[in-house]
Amino acid sequence: MNSNLTDNDLVRILGIIPARYASTRFPAKALVDIGGKSMIQRVYEQASKATELDQVIVATDDERILNHVRGFGGTAVMTSPDHQSGTDRCFEALGKTDGRYDYVINIQGDEPFISPEPIDHLASVLNGETELATLVKVIDNDDILFNVNVPKAVLNKRNEVMYFSRQTIPYLRNAQSQEDFLKSHVFYKHIGIYAYRTDVLAEITKLPVSSLEKAEALEQLRWLENGYAIKAVVTSDDSHGVDTPDDLDRVTRKFLQ
């Protein structure tokens, strides 16, 4: 158990939304207008509805985002522009935030219509023993199952992640065709929202890039390769991330029209 957490303590959880200004495929997307509000404001307001979070902050690398968040009444901290991942940015932001927190939940800054319910659902397993946790969703269509851009997860009997891959895992050797896969096995899509126990967050940010991480280009494999346990929480909510202007058109049509 985290040495900073006793049985008589309430678990305190900090929600952090990493928000970079630069983006190869969609520069300044954190500030793009979506129905009268910026993307980062929508993420912040949705995350703030989660009842299990004690505080929500934005961790950014740009004063334009910092001032914008403070302008709509949000809390934001400046972090280095040199971080390679949201995990690293979360760790720096934690150190710049007042108060004691037992866990950090890393909330994607490009999901303007994220529901607060899966955030609370993820928080429900943060009991002091859990080192790391993430969300998964049962895959129900072949397009997702065989899309190498969608990470998948394999779970053990304790609902801990055994492995993540962009490939379809497990491979069903005896399936007659791809159409038989979903009929024969339960497959999970990884939803990229993470919870870190704060002492573990400090440790994993010091780990070097691992061989599995290089192979799959999935940061979370570094943690597994170094022996950390990642609890999986099954959710019915899907992710609706915005990586490109086309994605923005898609989610805007889905949620605002």
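The values are calculated or read from the model by the stated rules, or taken from the named source; none is laboratory data. The structure displayed is predicted, hence computed values, not measured ones. Backbone-built Cβ (ideal geometry, glycine too); neighbour counts: all protein chains shown. To get the accessible areas, we keep the full protein, side chains included, count just its heavy atoms, and leave off ligands, DNA and RNA. Shrake-Rupley method; radii C 1.70, N 1.55, O 1.52, S 1.80 Å.
Using the heavy atoms of the protein chains and a 1.4 angstrom probe, tell me the accessible area per residue for the stretch 100-189 in square angstrom. All intermediate terms of the calculation are to be shown ahead of the outcome.
Working: 4450 Å² over 90 residues.
For the stretch 100-189, the per-residue accessible area is 49 Å².
Quickly estimate the mean residue ellipticity at 222 nm for the chain, helices only: each DSSP H run with n ≥ 4 gives -39500 (n - 2.57), and the total goes over all residues, rounded to 500. Please list the in-between numbers first.
Working: 10 runs with 75 residues, N = 257.
After summing the helix terms and dividing by residue count, I get -7500 deg cm²/dmol.
Loop-only chymotrypsin sites (Phe, Trp or Tyr not before Pro) in the stretch 155-232, please: DSSP not H, G, I, E or B, and at most 11 other Cβ atoms within 10 Å.
Answer in residue order: Tyr171.
Taking θ as phi - 60°, what are the ³J(HN,Hα) couplings along the stretch 23-30 by the Karplus curve (6.51, -1.76, 1.60), each to the nearest whole Hz, with x for Gly and Pro?
Couplings: 8, 4, 8, 7, x, 6, 5, 4 Hz.
Only loop residues by DSSP count here, and only those with at most 12 other Cβ atoms within 10 Å; note down the trypsin sites (Lys or Arg not before Pro) in the stretch 112-198 that meet that.
Numbers: sites: Lys137, Lys152, Lys157, Arg158, Arg166, Arg173, Lys183, Lys189, Arg197; in loops: Lys157, Arg158, Arg166, Arg173.
In loop regions of the stretch 112-198 (DSSP not H, G, I, E or B), the sparsely surrounded trypsin sites (Lys or Arg not before Pro) are Lys157, Arg158, Arg173.
Only Lys, Arg, Asp and Glu count, each charged at its Cβ (+1, +1, -1, -1), so figure out the dipole size of the chain about its Cα centre, rounded to 20 debye. List each step's numbers first, then the result.
Working: 28 positive and 38 negative charges, 47 e Å.
The dipole magnitude comes to about 220 debye.
Using a cut-off of 23 Å between alpha-carbon atoms, which lysines can reach Lys29, once sequence neighbours fewer than 8 places away in the same chain are excluded?
Straight-line reach from Lys29, under 23 Å: Lys37, Lys49, Lys254.
When the Cα centres of the stretch 36-50 and the stretch 60-86 are compared, how far apart do they sit, in Å?
Using only Cα atoms, the two centres lie 14 Å from each other.
Counting only protein heavy atoms, what percent of the accessible surface of the stretch 104-257 is carbon or sulfur at a 1.4 Å probe?
Details: 3520 of 7510 Å².
On the stretch 104-257, the fraction of accessible area on carbon and sulfur atoms equals 47 percent.
Rg (Å, one decimal) plus Dmax (Å, integer) for the alpha carbons of the stretch 78-168?
When restricted to the Cα atoms of the stretch 78-168, Rg and Dmax are 15.7, 46 Å.
For the chain, set up a Gaussian network in which alpha carbons nearer than 10 Å are linked by springs, and say which option among Asn106, Asn141, Asn159 fluctuates the most.
The residue with the greatest mean-square fluctuation here is Asn141.
Please figure out what share of the DSSP beta bridges in the stretch 13-252 is antiparallel and state it in percent, rounded to the nearest 5. Kindly include the intermediate steps, with their values, before the conclusion.
Values: 20 of 38 bridges.
Bridges in the stretch 13-252 that DSSP calls antiparallel: roughly 55 percent.
Choose one answer from Ser38, Ser165, Ser211: the residue with the largest mean-square fluctuation in a GNM of the chain with alpha-carbon springs under 10 Å.
Of Ser38, Ser165, Ser211, the Gaussian network model singles out Ser211 as fluctuating most.
Identify the GluC sites (Glu not before Pro) of the stretch 102-209 meeting these criteria: DSSP loop state and at most 12 other C-beta atoms within 10 Å of the C-beta. Before the final figure, lay out the partial values.
Values: sites: Glu129, Glu131, Glu160, Glu179, Glu203; in loops: Glu129, Glu131.
Qualifying residues, ordered by number: Glu129.
Straight distance only, please: which lysines reach the Cα of Lys157 with their own Cα at less than 20 Å, same-chain residues fewer than 8 apart left out?
Lys137, Lys189, Lys231
Give me the distance between the Cα centres of the stretch 123-173 and the stretch 223-242, rounded to whole Å.
Using only Cα atoms to place each centre, the spacing works out to 6 Å.
Could you give the Stokes-Einstein D for the chain in µm² per second, using the C-alpha Kirkwood radius, 4 °C, 1.567 mPa s?
It comes out at roughly 68 µm²/s.
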